[in-house]
1. Go over the candidates A:Ala57, A:Ala65 one by one and state the one that is without any contact (Cβ under 8 Å) to a residue 24 or more places away in the chain, more than 28 Å from A:Asn82 (Cβ to Cβ) and either of a type in the set (Gly, Ala, Ser) or crowded, with 18+ Cβ neighbours inside 10 Å (or both).
2. Can we say B:His273 is in contact with a strand residue (DSSP E or B) (Cβ under 8 Å, 6 or more places away or on another chain), more than 23 Å from A:Ile170 (Cα to Cα), more than 14 Å from chain A (Cβ to nearest Cβ) and surrounded by 21 or more Cβ atoms within 10 Å (Cβ to Cβ)?
3. In segment B:320-328, is there at least one residue being in contact (Cβ under 8 Å) with a residue 24 or more places away in the chain, part of a helix (DSSP H, G or I) and small (Gly, Ala, Ser)?
4. Can you find a residue in segment A:248-268 that is within 24 Å of the chain's Cα centre (by Cα), within 14 Å of another protein chain (Cβ to nearest Cβ), part of a strand (DSSP E or B) and closer than 29 Å to A:Leu328 by Cα?
5. Pull out all pairs, ordered by first then second residue, where Cβ-Cβ is under 8 Å, the residues are six or more apart or on different chains, the first lies in segment A:420-439 and is farther than 14 Å from A:His69 by Cα, and the second is of a type in the set (Asp, Glu) and surrounded by 17 or more Cβ atoms within 10 Å (Cβ to Cβ).
6. Does B:Glu241 satisfy the criteria of being in contact (Cβ under 8 Å) with a residue 12 or more places away in the chain, assigned to a loop (DSSP other than H, G, I, E, B) and within 14 Å of another protein chain (Cβ to nearest Cβ)?
7. What tally of residues in segment A:180-220 results from selecting those that are more than 14 Å from chain B (Cβ to nearest Cβ) and either over 23 Å from the mean Cα position of the chain (by Cα) or free of Cβ contacts under 8 Å to residues at least 12 places away in the same chain (or both)?
8. Which of the residues belonging to segment A:100-120 are outside any strand (DSSP E or B) and out of contact with any helix residue (DSSP H, G or I) (no Cβ under 9 Å at 6 or more places or on another chain)?
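The values are calculated or read from the model by the stated rules, or taken from the named source; none is laboratory data. Quick caveat: nothing in here was measured; it's all calculated off a predicted structure. Virtual Cβ from ideal backbone geometry, glycine too; neighbours counted across all protein chains shown.
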There are 2 protein chains.
Amino acid sequence: MTADITAAKAALAHLDLVDAETPVRAASRDFFWYSPVLKARLDHVTADFVVRPRTEAEVIEVLKACYQHDVPVTTRGAGTGNYGQAMPFEGGCVLHLNRMTEVREIAPGRVVVEPGCLLKDLDAACGETGQEIRMFSSTWATATIGGFIAGGSGGVGSVTWGSLRDLGNIIRLRVVTMEAEPRVLDFTGEELARVSHAYGTNGIITEIEMPLAPAYDWVDIFVASEDFGAAMALADDLANEDGLLIKLASVYEAPTAHAYFQRVRPHASESDHLVGLMVAPHSMDGFVTFLARRPGVRMIYRSDDHNWPRGPGPVFEYGWNHTTLRALKVDPSITYLQVRYGFPDHRALVEEIRDTFPGECIQHLEAIRAHGKVGFAGLTLVKFSTEERLDEIIRIHEEKGAMVFNPHRYTLEEGGRQTVDDVQLAFKREADPKGLLNPGKMIAWDDPDWAYERMYAYPRMQAAE
Amino acid sequence: MTADITAAKAALAHLDLVDAETPVRAASRDFFWYSPVLKARLDHVTADFVVRPRTEAEVIEVLKACYQHDVPVTTRGAGTGNYGQAMPFEGGCVLHLNRMTEVREIAPGRVVVEPGCLLKDLDAACGETGQEIRMFSSTWATATIGGFIAGGSGGVGSVTWGSLRDLGNIIRLRVVTMEAEPRVLDFTGEELARVSHAYGTNGIITEIEMPLAPAYDWVDIFVASEDFGAAMALADDLANEDGLLIKLASVYEAPTAHAYFQRVRPHASESDHLVGLMVAPHSMDGFVTFLARRPGVRMIYRSDDHNWPRGPGPVFEYGWNHTTLRALKVDPSITYLQVRYGFPDHRALVEEIRDTFPGECIQHLEAIRAHGKVGFAGLTLVKFSTEERLDEIIRIHEEKGAMVFNPHRYTLEEGGRQTVDDVQLAFKREADPKGLLNPGKMIAWDDPDWAYERMYAYPRMQAAE
């Protein structure tokens, strides 16, 4: 099976198609360079051409032509993913959805939208009805809703609503298959798991129905403490205050704030641990009461009442994956982990792991709900030395009982629970019989017997020049 | 100190004042007759006169005159409380707030309202902005917001938002004191605990600021199961589904539905345990998916799609204290308990207690959040035999580790944790120096050394005729 790029391009020439090297290379990359491991392996990856469909009908045209000519199709939103999700390992076509941005319907509690709509623009549209999306990535200003669903798992808002995979956090997905005659399918309920967080490996999402939450003028807050345990407990306890509505509770071990948060630096010492919060305005009285009960913490910033000469911008742009981004900009040797510290032992486990890697790992926690209980997602900052040491750090985390979603791997399985997702695999067999969608991301498709004892290397990966 | 009723009435004659026996007696009663214990002790209680102020200025007039003439003042909303909260043990004045009903301000996430506004009317006003109150009692159609705050603790909505006493569930209370020159005070933060759930013993609430939640066309649902454990687990697990928004999750042990819920009876057998739910419409797809995963449960009613010849009305009017009311109407020998089964052992404790009183206690559970975790409030139906047996049943509950808030007592302490609330007591000393506000409800005021080993009997209670 050899891709006939020329024939596919000719068949799609009437669409918005680009094949010049520079824009194609730009559209073939995401934030994979967060990881030195992925940076070394994927930097050379590039597609042959990029198509930007304006409608679902054009998506179908692209998939049909590429199917006919055996051309791989890697779908892309804004390319803010961190694991090479949107990178075309075998070249071929990048299907760029940034022209499909229509917000089609807004009703109480729900919105219907095309996948290329920016999270920011979606919230702006929903805001006209006093609503907003339940959760978003810290790349809200630049990321798309389709990319968030196909490549994300949760984020700002997960402290209240849990993760995207939880029942109710996606209502409906409309999906086009990669067949001789592409089918258009509407998925709800159990079917949603087929294509959610599947990196576009088994279908292309063309319409999304999401639940909405009420929109508020969230108050952005930073609280500082010289006691890491006090900072961690504050975030955890606040997330367990049923009457106080929050959207974010992040914990940054010292010296993160002083070393990496440039606009916060004048207000936080090297030994200050920081808590970043978004609190609903009508919960502020209660929050201030909550805070006053706790010794050893001090509010250094609230967006509705402060005297900082230069404001820090949205607090959520310090959290989730933005923390790593800010650290990387100051210290290029920084990389990160994605850890899960589950209720009820989450605090003790964080303390134990914190004691294990002094000077090498810096704790960054996000309070999140899972199965109704608050625990922590850890996006630990790591001073990178070698791949071997990074693997060792991960192994030690796992030995101590923390689950690691390895951000230094490009496959669905290795970045997840290292098990085959039978639902996604079964649907790929049906919806992408030639295996042309985002090749190299689903190990189970390539090598069902893979044992995960070492990093998977996609055998058909483009050769580096 | 002897009340000069005649002088007080004369001073207040220009207000809306009633002293005819029948209306005064009607305004002197609440739902105390839920309890055979309270029914025996309080049935004769009646005030000397009733005043219905139209404004805060009139409230101040009443308090000033009654203070001057040593007349007790017992404040009342709709009188839907169950513990004699609004009953004037020494006679005197009933201050009826049902004319102070103004909704003064509605903003995103908050409302300012007068205390006599019915919960139903408050929700109707807030609904114009797509909002509603976070929680309400099952007496929503007839109860007032002031009565709910002064005499209630939570209810429909507590499965998401916790209890009224939780930080953030009341924003501000404006309170008038009972002094020679009444003061008007605005309470927020820690100060709210002074007068919340204080039965009007230490100040009169004249304005309330509450947080709001988004309003939805909640879908009312009944699910039946022949397996009590499956019904209980369903309510608990659903309340822990972070992505599914619900407002109510009630569990009714068999034969409650068949025996006491007349409109449900044709659809539920004698051995059916019932779960009553309110689910947000945009969570229904997810809920149906959740339900399909569980064996042994069947949805017998959903308000948005059913073929019952006669609908059951709002599902919340089967829950909380309405369950007892419906049972009482069918079987006058029924009374109830108020039990707390705390996370994480709540299910096991319910099962253990259920096994202890076969045929005598029928479990009725409400899923509620406390400190961020879902547990159960039990409003157990009890077939009443004697006061001694009722006390014994309570003692056995407590011995097994369930906390009981005894609904067969009329004092704050005995209906609560049987400890003095120092904050409320201290404020009563300041705000009601003559002890005229709702006398007999705060043991700590009357008898600081009371040991709670037997039921408190207010020594100045009116004599029965």
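1. Details: A:Ala65 fails: without any contact (Cβ under 8 Å) to a residue 24 or more places away in the chain.
On inspection, the qualifying residue turns out to be A:Ala57.
2. On the way: in contact with a strand residue (DSSP E or B) (Cβ under 8 Å, 6 or more places away or on another chain): yes; more than 23 Å from A:Ile170 (Cα to Cα): yes; more than 14 Å from chain A (Cβ to nearest Cβ): yes; surrounded by 21 or more Cβ atoms within 10 Å (Cβ to Cβ): yes.
Against the criterion (in contact with a strand residue (DSSP E or B) (Cβ under 8 Å, 6 or more places away or on another chain), more than 23 Å from A:Ile170 (Cα to Cα), more than 14 Å from chain A (Cβ to nearest Cβ) and surrounded by 21 or more Cβ atoms within 10 Å (Cβ to Cβ)), B:His273 qualifies.
3. Yes, because at least one residue in segment B:320-328 is in contact (Cβ under 8 Å) with a residue 24 or more places away in the chain, part of a helix (DSSP H, G or I) and small (Gly, Ala, Ser).
4. The answer is yes, given that some residue of segment A:248-268 is within 24 Å of the chain's Cα centre (by Cα), within 14 Å of another protein chain (Cβ to nearest Cβ), part of a strand (DSSP E or B) and closer than 29 Å to A:Leu328 by Cα.
5. The qualifying pairs are A:Val420/A:Glu413; A:Asp421/A:Glu413; A:Pro439/A:Glu90.
6. Criteria met by B:Glu241.
7. 6
8. Of everything in segment A:100-120, those that are outside any strand (DSSP E or B) and out of contact with any helix residue (DSSP H, G or I) (no Cβ under 9 Å at 6 or more places or on another chain) turn out to be A:Glu102, A:Lys120.
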